[in-house]
1. Over 15 Å from A:A86 (Cβ atoms) and over 12 Å from the mean Cα position of the chain (by Cα): is that true of B:G42 in this structure?
2. When both residues are 6+ apart or on different chains and their Cβ atoms are under 6 Å apart, which pairs have a first residue that lies in segment B:5-29 and is more than 7 Å from every other protein chain (Cβ to nearest Cβ) and without any contact (Cβ under 8 Å) to a residue 24 or more places away in the chain, and a second that is open to solvent by 10 Å² or more (accessible area, probe 1.4 Å) and charged (D, E, K, R)?
3. For segment A:196-214, which residues satisfy the criterion of being more than 23 Å from A:I484 (Cα to Cα) and either open to solvent by less than 20 Å² (accessible area, probe 1.4 Å) or not acidic (D, E) (or both)?
4. Restricting segment B:129-171 to residues that are polar (S, T, N, Q), farther than 23 Å from A:L79 by Cα and in a helix (DSSP H, G or I), which is farthest from the other protein chains (Cβ to nearest Cβ)?
5. Given the conditions (1) touching a residue at least 12 places away in the same chain (Cβ under 8 Å); (2) open to solvent by 20 Å² or more (accessible area, probe 1.4 Å), and given that C:V210 satisfies all but one, which numbered condition is not satisfied?
6. Taking the conditions exactly as written (over 13 Å from A:L733 (Cα atoms) and crowded, with 23+ Cβ neighbours inside 10 Å), does A:L631 satisfy them or not?
7. Would you confirm whether any residue within segment A:509-520 is open to solvent by less than 10 Å² (accessible area, probe 1.4 Å) and either more than 15 Å from A:A124 (Cα to Cα) or among the hydroxyl-bearing types (S, T, Y) (or both)?
8. Of all residues in segment C:182-206, which are within 9 Å of chain B (Cβ to nearest Cβ), open to solvent by 40 Å² or more (accessible area, probe 1.4 Å) and closer than 19 Å to C:W126 by Cβ?
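The values are calculated or read from the model by the stated rules, or taken from the named source; none is laboratory data. Note that the structure is predicted; figures quoted are calculated from it, not measured. Backbone-built Cβ (ideal geometry, glycine too); neighbour counts: all protein chains shown. In case anyone asks, the SASA skips ligands and DNA or RNA and just uses the protein heavy atoms, side chains included. Shrake-Rupley method; radii C 1.70, N 1.55, O 1.52, S 1.80 Å.
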Amino acid sequence: MSSKWTRRDWIRRSTVAGTAATVAAAEAATSPGRPGWQGASRVEQIATNCEMCFWRCGVLAEVREGKVVKLQGNPEHPLTEGRLCARGNAGTQLLYDPDRLKRPMLRTGARGEGKFREITWDQALDFLADRMTLLKQKYGPESLAFFPHGVASGFFSTLMKAFGTPNSAEPAFSQCRGPREVGYALTFGRGLGSPEPVDLEESKLIVLIGSHIGENVFTSQVTSFSTALERGARLIVVDPRFSVAAAKADWWLPIRPGTDIALLLAWMNVLIAENQYDRDYIAQYAQGMPELAAHVREFTPEWAEGITEIPAARIRETALAMADAKPAVALHPGRHATWYGDDTQRSRAMALVTALLGAWGRKGGIFLPTAIHAGAPKLPPFPTPARERADGAGTRYPLASEEQGLTLGLIDATLSGKPYPIKGWIVYGQNVLESIPLQARTRKAIDQLDLMVVVDVLPVDQVNYADLVLPEATYLERYDAPAIVASAKKPFVAIRQPVVDPLYDTRPGWWIAKQLAGRLGLGDYFPYDTPEQHLATLVKPLGVTTGFLRAHGAAAFEGRPYLDQRTPADGPLFPTASGKIELHSAMLQQLGFDALPRYTPPADPPLGYFRLLYGRAPVHSFARSENNAWLDALMPENQVWINSEAARDLHLEDGRRIVLENQDGARSLPVAVRITPGIRRDCVYMVHGFGHRSRALHLAYHKGTSDTQLMTRIDIDPIMGGTGMRVNFVRVLDPEREA
Amino acid sequence: MARYAMVIDLQKCVGCQACTVACNSEWEVPVGYARTHVHYAGPAGVIPHLVAGPYVAQCNHCSHPTCVRACPTGATYQTDQGSVVVNRDLCIGCGFCVEACPYGARFLDPVRNKVDKCDFCAARVEKGLQPACVITCTAHAKFFGDLEDASSSVSQMVYEKGARRNETPAVHIGPNVYYLGRKANVDLALASFAPRPPRLAAPGRFWRDAVKPLVLAAIGATFLGQAIAFFNQLVKGEGQFDD
Amino acid sequence: MPFETLPIEPVILSAEQAEVMAQRQLKKHHVAIILLHWFNATVWLLELATGGALISSVFYRFAPGWYLEMLTSMFGSRANLLRFHIVLGVVWTTVFFVYGIFGHRTYLKMEILQREVGLDADDWRWLRVRLLRILGKSREHLPPQGIYNAGQKLFAVMIYIMIPVIMLTGMTMAFHWFGPAAIRWAIVVHFAAVGMVVSGLMVHVYMGAVFPEEKPAFFSMITGTVNELFAYRHHFKWWREVKMQEKQWEQAWEREQSGEPAAPSPPAELTAPPSPPQPSALMRALRARDYWPPYIAGAGLGLTLLATFFVMGQGLGASGGFTRYLVAILSLFAPGYTAASAYWSNYYQPGHSPLLDFLVFEIIGAAIGGLVSGWLSGRLKFTVDKGPRISRRTRYLLATGGGVLTGFGARLARGCTSGLALSGGAVLSAGAFVFMLAVFAAGFMGAYFMRRYWL
């Protein structure tokens, strides 16, 4: 059976897909507002969902005299139930950000210079359609690469597929959760999706490996996390840094960076050696247990102590604590998983521990998604691209997602012209300069392009390199495709609808894509006149009306999150080749990789250097919220965490501005040090997203520094092409002493 | 009578600042100012024995508020529900109360030129809504209610779970914001953000200790002189002045 | 005539002399001074009453709790109390300023200040004797005094210093001038200054209302006159001045009666006005008629209005433009207040000049146009249009008062005769017609009461 089981089948079955349905007529639009209060003033509340990050929390926008005066959580939203984080609350400051892109612009200066002239939408779209057609004639449609991110990118993806290019890549895969999706899918037959179906609130023990929930804020995840703590769940935090979560933990394991697989192997060793794993569960659902047991026999806690610098006793103690709590152990699979280039194997190891504890598909562990079957507009078939993807997804990197692609693969192909020339980029909602390492290469690649188009809301640095800039309306001004979310205990559909008209001369993404399609003769791929019609088509089979959604924002359905609730309609319990949990991965073996995870030592920092670690702050979303006036006021810049003892050796005082220089001589902007005992001596830490280089971002410009700027080296995961970024080392330069 | 209070579970709080921003937008607080703000204490100690944790700062609605006495005009006052609120119409923006608050919970709003601070969302509570920070709190860490009502969550947390308030032996003016959480973390948070002794700003001291006695003395002396004169007038009759 | 020659020092009067003098009245206060005094007294009474109730902190207050409660319930709320206190304070300040501007030639002269506040040796002696006499420790005679006695002068000195201080500190608090630190000190200084004035005021009031010797002074603040006997006894120096003046007038009268020549008048050629320059041919043509017939002027105005609608997309107006000038000035001093005020903020957003408006420039244009028109017609001259029976000052005061009412009314109606009646009428706004009716009706009625100022 496994011989017929191809890589493509695996990928197809490991994602949850919707089914097609017929087109339904749009309902008559009624006003979706309801009365509410802001302070002591009356307002109208309109339900929509948030896009300050990608979690899509439910929002009630409070509108007074045509102005959004406040955003608050939508209590009817099934996922977030009225809760909203700092960024969500600050959304109005994006809407009313004076620095927003306001009109379509055509570049007049050199790339990067930031000189433009404003043009009309007709001119802009005609220009773009002409250039795309020219590229198609000269190099073929595949020469156009698409860099999307966000919910609205679906409209553009449709356009790109219709145009005939397979080359689309987003950092969400190869710079973020790709290894995790692949590692878990190899083991359980399906990845995790977003939001992560981790049953935190029901768990008795939560294990966070590098996850810094609390600093990394996704509203409903924080709610579940704190609910669990209140209910008495215990907490293990594995992190070189004393994170917010670590401060709440029962066990904090300050691990040596890059040695997580050793710890996970040792945990498995204890669980198996002491016979503490869920034998019934493994016997019923898993295959490959003998191979696993044999594999981990040598990886004792004592072995791991020398590698991880965590005392063997602590390793044993925590393993047994997990065994005590099983199966209600929520070992969080993490989200940003591209660390060291062996990340698929680390995710596999985490999946194996989860399996040994019987936590997959069980209460308090990882729960299962329940597919809801939305409709789809009737589209003509997409043309089959004449050439394979240029980034190596599916070929050079066999398990890379072909839906999400490899960003660096496309950048490489642009630079080398191999396997064929990439001459045009359309960047939509993604920040190719701030979110992808090796910035210098990205800039060089952009230099070689015939066409660079950026569709964005704010004038981030990449805008300066664009030939054509298309200003998109913010999420509060536009319709987007609805969020159809399976990986929640109660699957749901939630909509985004405009709460005010677009400001300036901005347009919603769907409109831009549809207009462009019309000009390219691809209008048939957008068989609706208004986004409401599109919405009606999608939600018709769900038995919920657009009127209901516009009034309430979301509708939830029954979920079957645990294994014992599954019905045949949900498909196989474990959609792997064997139909079982694959502790020993035949797929990896077949592709020539380790069938069981193995620890490979990471390179150590040279003398005088620290490993550069990075993470998130609760008030910022990567590099996209630093120009938000309210969030800027809360956190205007990042700081570099340096261990107190290391700082003493370097004669640093708290708050001093320093410059970091990496192993290749790349330097940071001046940045303040935060001297703290809360980080190991061998690494430094900073929050990602700062150090903006675009002068047009008046609040964010040159505040703090960018970690991406210091990433001139990456370790690529050979299994799925993920770019390990925690392999850069920095030393401290004191600008005052240098001068 | 009621006694409004807030309980903040610091073990649940992750310091995400949702409360800060929700409050800012609910009350149109100018950028750079806040009625409530989450601070972070620590990490303190030596690896691996470290302590750290968030601390939520806001007006404590003290039972014996120092700010009310410092306010010359009565703009700051205590309501029947025990919360301390500011009547903006009466506030002249002198900032005496800002100096007087041991918790640094007050600020002068540079747009309105009035003092501002948390008022337990009085306008929302009046309409039966919860305070803006409470409903947005991603961690469900903030609780608001009436301490006198035995069935309220705050009352249970204060009287049964032993929620603590931020007081020192020097400053104990009956704050009505309570903190729950792991002892070591709460100890650190309260120690890091302990109240400072209330201050009466220099002009206030000058007023209370010098100007007021002097003015009263001057008026008193004048009054006394005139009383004697009046007495003379009565005793000797008015005729004496007619020459 | 009680005296043949004026005595240098007070002498004992005979009963007959005293009788005659008691019957004669001398004019002491101008009616404006009387009005100002009682206005000032009323303001002080109200400001003290409300101000005392405003200071509520136990640290600072001196009024008892029941008094605070009484005043609060009288005004409905403490906020109203504060509003009243501020508004009255501003009115008070404004009246003093207006008085200062219009009365400065008459009252702010050195010799008058000298009369009011200049203390000489007699005055200092007077102060000592007065105090001792009041306390019953002396029967010494009081030294002779001018129109104001030394006590009054002393009080005047204090209020001349304290009133500006009270006004400035009051404004500082009311309009948040100079920042919080200044406001904090302003409260204290305001309080201290008022405290000092109050202790003086107590003497002032006691003297005027209770103390028997000074009773004629009290009544003089109502009638404007005192009897000569009182003046002789209490303000001997002033009495003597008045008498000397009377003597001069008498002598002049006698000279005129006896036919002695008066002082020669200047020759006629020096007083004749210079002959005006000859107007040019163009100006002669333009001046064919001094004023246009109203029908043509009216049509011209209509066409101007039409052109304005066509070019600017809005009509003509006046009060809106002046409002913007006002907002511009206001925002210069109190931008925060202006932006926060529900009314002013309609015209002001921080960062945008309130002056960038058609009406603002239209007013400048109208002024220039009027000037040009007057010049072309040869009507350009400095003049005050007024009724024949009133003085220029009365005309100024009435014009100011009328202007205030007009401005207030115009903003109340959201437009004046230009903006609302003319431009509004042109677009058939109902409000414009109601406004016009009201203007004519009120004008018709008002004319009856104001006729004597114009006829």
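1. yes
2. none
3. A:S203, A:K204, A:L205, A:I206, A:V207, A:L208, A:I209, A:G210, A:S211, A:H212, A:I213, A:G214 - these are the residues of segment A:196-214 that are more than 23 Å from A:I484 (Cα to Cα) and either open to solvent by less than 20 Å² (accessible area, probe 1.4 Å) or not acidic (D, E) (or both).
4. Looking at the filtered set, the residue picked out is B:S155.
5. (1)
6. Criteria met by A:L631.
7. no
8. If the condition is that a residue be within 9 Å of chain B (Cβ to nearest Cβ), open to solvent by 40 Å² or more (accessible area, probe 1.4 Å) and closer than 19 Å to C:W126 by Cβ, then C:V203 is the only one that fits.
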